[in-house]
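The values are calculated or read from the model by the stated rules, or taken from the named source; none is laboratory data. Please read all numbers here as calculations on a predicted model, not as lab measurements. Counting neighbours? That spans all protein chains shown, and the Cβs are built from the backbone with ideal geometry, glycine included.
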Amino acid sequence: MLDAIRDLLEPALGVLSASLLGLIALGFAAMFVFFSVAAALVLGQFLRYARAPRVGLPALVLAAAVLAFGGIVFDLQPVWALPSSQLVWGVLGFGLVRWQRAHRPLRIGAGAVVLMAGLLFLASLVFPGLESAAQWALQAVVFLAVALLMGLWPLVLAGLVQHARERPVEWFLSLRYLFAKRRQTFISIITVICVLGVALGVSVITVVLSVMNGFAHVWEEKIVGTRAHFVVESQFGPVEDYGRLRELVRESDEVLGATPYLLSEAIVRGRGGQIQAVLLKGIDPETVRSTTRLAEDLVAGSLDELDPAPRGDAEAGRSGIVIGSELADRFFLRVGDPLLLISPLGGPATPLGPAPRMEKFRVAGIFRANFFQFDESFVYTTIPAAQKFMRLGDVVTGIEVRTADPYRSRLIGARVLDSLDGPFTVRDWKEFYPGLFRALKMERVMMFVLLSFIMVVAGFIIVATLIMMIMEKGGDIAILKAMGCEDRGILRVFAIEGCLIGIAGIGLGLAMGLVITANLELIQRLVEQTVGFDVLPADVYQLGQLPYHIDAFQLLMISLIAMVLSIGATLLPSWQASRLDPAEGLRYE
């Protein structure tokens with residue numbers, strides 16, 4: 001009876017969980033779109049102050065210069081691409097800011113595009129045939145947002161600076177409202193909570209993403225250290241004239257080393273009959289040192305022992321093989337022990353097909369790459385020994401290449417491929433483990449989305465704080481309007497206040513996040529002393545301490561999103577303040 005109830009409930013709970021997750025994702029997307037549109041409307045109030053060419057054009061040139069400097073510092077290729085794009089979009093944005101007649105049609109058109117994309121996305125969840133159209137619509141929205149951001153951000157900053165010069169009273173009022181009087185201490189406390197909420201969200205996301213980036217870089221370094229940065233292979237099978245191909249690849253200035261390799265599947269059989277599938281890799285001991293870290297990763301033996309000894313017993317006359325530490329521990333192998341390799345094909349013919357063939361090797365070395373898949377699954381021997389075992393001629397699978405920068409290996413590989421004359425192809429090191437890097441990227445994205453809810457909550461706190469402040473300052477707002485202050489001026493006062501809250505929260509959050517990230521080792525040691533056990537066992541995680549890597553682009557995106565949420569949260573309260581009737585506000589004063 002219980003099993004039947006469980007069988008009925010499990011599918012229903014699964015559907016319910018998936019539906020709740022989808023609703024949460026849609027709700028988060030809707031809130032972010034709302035805050036983004038609200039921030040755009042608020043910041044649009046300052047664009048009017050950048051219409052003058054003496055204000056807007058220098059801002060565009062300065063923005064392009066800043067991006068050019070960033071491209072040089074971060075070695076972005078080509079350097080001129082980003083600043084020239086910024087200049088083009090900036091000029092277009094400046095033209096639209098000055099062309100006031102186009103403002104209303106543009107707002108209506110942009111709103112229609114966003115609304116259509118949202119409706120298509122919701123419809124694609126019910127009708128799968130609309131997925132392609134929804135994808136194109138979402139790409140159009142993203143392109144529109146990026147174009148607006150690139151074209152208008154220098155003008156917005158220039159408008160803020162010019163507004164502070166022309167309307168200093170609005171900045172004065174915003175600063176005064178941040179520091180309430182003694183009888184309004186509660187509002188000041190809520191303002192501090194707003195700043196702390198933004199700071200907490202920024203700092204937590206900074207620390208978590210830095211740690212996850214650190215783990216990703218550790219695994220990347222292990223993979224890059226064990227594998228080459230990219231491989232050159234023939235489109236039609238084995239490579240015959242691999243010596244000449246290696247010399248052609250080495251002609252590139254960005255190539256540090258190149259070595260041929262021969263890859264095949266095999267089976268290892270231990271003394272007790274246990275078996276395990278491995279990847280047999282034939283290498284050139286002379287050139288492999290310039291391409292991989294295999295020689296540095298050896299914990300026993302040497303690559304010089306791979307060739308069979310010319311004199312000695314039968315064991316020394318066998319071809320040598322280098323195995324991983326996990327494989328050696330599993331089969332209780334040491335340097336000098338025999339190891340039997342089995343090839344699924346190549347043996348004598350039988351009525352059921354070709355039989356497996358077996359060949360004994362001698363363990364010449366043991367390596368530890370601290371990457372489980374390599375330590376368990378890879379074995380190395382010389383290219384002639386691998387060719388003999390596989391019954392092949394003088395051919396290899398391809399050429400492994402090491403570059404000056406592993407993160408530009410795909411670009412360097414494309415250049416090398418262009419210089420080769422023949423049916424060759426190039427594979428980057430990330431293409432060998434796409435699932436691992438896809439999982440790491442998905443984890444970072446999911447953690448970023450989940451932790452961004454902290455900043456969304458901080459945005460709603462800003463809304464509540466400004467509404468309470470407007471209720472307390474209703475008389476002051478009414479006096480300002482009675483003295484001739486326009487509605488847009490009142491709106492800008494509270495928009496500036498939200499902007500100041502966001503800047504304070506972002507600055508404090510980045511400082512906290514960077515300090516915590518830089519002292520992770522000390523924090524880990526204090527936690528271990530408090531709880532009494534190792535929170536990061538080296539035998540499990542193969543790491544002694546939490547790694548971290550601070551990404552400047554991610555910090556920029558975190559700050560941008562926090563700023564959008566802080567500014568967007570001011571739209572409704574500031575609009576409410578700008579609509580206040582002076583007579584109603586002064587009735588009971």
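Which members of segment 367-421 meet the condition of being in a helix (DSSP H, G or I), under 24 Å from residue 240 (Cα atoms), charged (D, E, K, R) and touching a residue at least 12 places away in the same chain (Cβ under 8 Å)?
Applying the first criterion (in a helix (DSSP H, G or I)) to segment 367-421 yields 372-377, 383-390, 406-419.
Among the residues that remain, those that are also under 24 Å from residue 240 (Cα atoms) are: 383-390, 412-419.
Checking the rest, the ones that are also charged (D, E, K, R) come to 388, 415, 418.
Result: 388, 415.
Restricting attention to segment 461-474, which residues are under 15 Å from residue 578 (Cβ atoms) and either in the same structural domain as residue 48 (by TED's automatic domain parsing) or in contact with a helix residue (DSSP H, G or I) (Cβ under 6 Å, 6 or more places away or on another chain) (or both)? Before you say what the answer is, go through the steps one by one.
Pass one, segment 461-474, residues under 15 Å from residue 578 (Cβ atoms): 466-467, 469-471, 473-474.
Correct list: 466, 467, 469, 470, 474.
Yes/no matrix, rows are residues, columns are (1) more than 30 Å from residue 49 (Cα to Cα); (2) within 29 Å of the chain's Cα centre (by Cα); (3) in a loop (DSSP other than H, G, I, E, B):
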site: 448; (1), (2), (3): yes, yes, no
site: 457; (1), (2), (3): yes, yes, no
site: 479; (1), (2), (3): no, no, no
site: 488; (1), (2), (3): no, no, no
site: 491; (1), (2), (3): no, no, no
site: 512; (1), (2), (3): yes, yes, no
site: 528; (1), (2), (3): yes, no, no
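Please count how many residues of segment 548-582 are of a type in the set (Lys, Arg) and under 28 Å from residue 523 (Cα atoms).
Summing the residues that are of a type in the set (Lys, Arg) and under 28 Å from residue 523 (Cα atoms) in segment 548-582 gives 0.
Looking at this structure, is residue 322 at pLDDT 85 or above, within 42 Å of the chain's Cα centre (by Cα), surrounded by 14 or more Cβ atoms within 10 Å (Cβ to Cβ) and closer than 17 Å to residue 359 by Cα?
Spelling it out, residue 322 is indeed at pLDDT 85 or above, within 42 Å of the chain's Cα centre (by Cα), surrounded by 14 or more Cβ atoms within 10 Å (Cβ to Cβ) and closer than 17 Å to residue 359 by Cα.
In the set 516, 477, which member is in contact with a helix residue (DSSP H, G or I) (Cβ under 9 Å, 6 or more places away or on another chain) and either surrounded by fewer than 16 Cβ atoms within 10 Å (Cβ to Cβ) or within 30 Å of residue 577 (Cα to Cα) (or both)?
Within the list 516, 477, the selection yields 477.
Identify, from the list 196, 200, the residue that is at pLDDT 80 or above, in the same structural domain as residue 465 (by TED's automatic domain parsing) and either over 20 Å from residue 550 (Cβ atoms) or charged (D, E, K, R) (or both).
Going through 196, 200 in turn, just one is at pLDDT 80 or above, in the same structural domain as residue 465 (by TED's automatic domain parsing) and either over 20 Å from residue 550 (Cβ atoms) or charged (D, E, K, R) (or both): 196.
Can you name every residue in segment 532-572 that is at pLDDT below 80, of a type in the set (Val, Ile, Thr) and assigned to a helix (DSSP H, G or I)?
Within segment 532-572, 540 is the sole residue that qualifies.
Whether any residue in segment 302-309 is crowded, with 21+ Cβ neighbours inside 10 Å, in contact (Cβ under 8 Å) with a residue 24 or more places away in the chain and not assigned by TED's automatic domain parsing to the domain that holds residue 441 is what I want to check.
The answer is yes, given that some residue of segment 302-309 is crowded, with 21+ Cβ neighbours inside 10 Å, in contact (Cβ under 8 Å) with a residue 24 or more places away in the chain and not assigned by TED's automatic domain parsing to the domain that holds residue 441.
Please give the number of the condition residue 300 fails out of (1) out of contact with any helix residue (DSSP H, G or I) (no Cβ under 9 Å at 6 or more places or on another chain); (2) part of a strand (DSSP E or B); (3) over 24 Å from residue 433 (Cα atoms).
(1)
So residue 412 fits all but one of (1) among the β-branched types (Val, Ile, Thr); (2) touching a Leu at 6+ places or on another chain (Cβ under 8 Å); (3) outside the structural domain of residue 208 (by TED's automatic domain parsing); what number is the exception?
(2)
Go through segment 142-170 and give me each residue that's more than 16 Å from residue 59 (Cα to Cα) and either touching a strand residue (DSSP E or B) at 6+ places or on another chain (Cβ under 9 Å) or free of Cβ contacts under 8 Å to residues at least 40 places away in the same chain (or both).
Within segment 142-170, the first condition is being more than 16 Å from residue 59 (Cα to Cα), and the residues that meet it are 142-147, 166-170.
Listed by number, the residues that qualify are 142, 143, 144, 146, 168, 169.
Just one of 41, 2, 21, 9 is aliphatic (A, V, I, L, M), at pLDDT below 70 and within 30 Å of the chain's Cα centre (by Cα); which is it?
21
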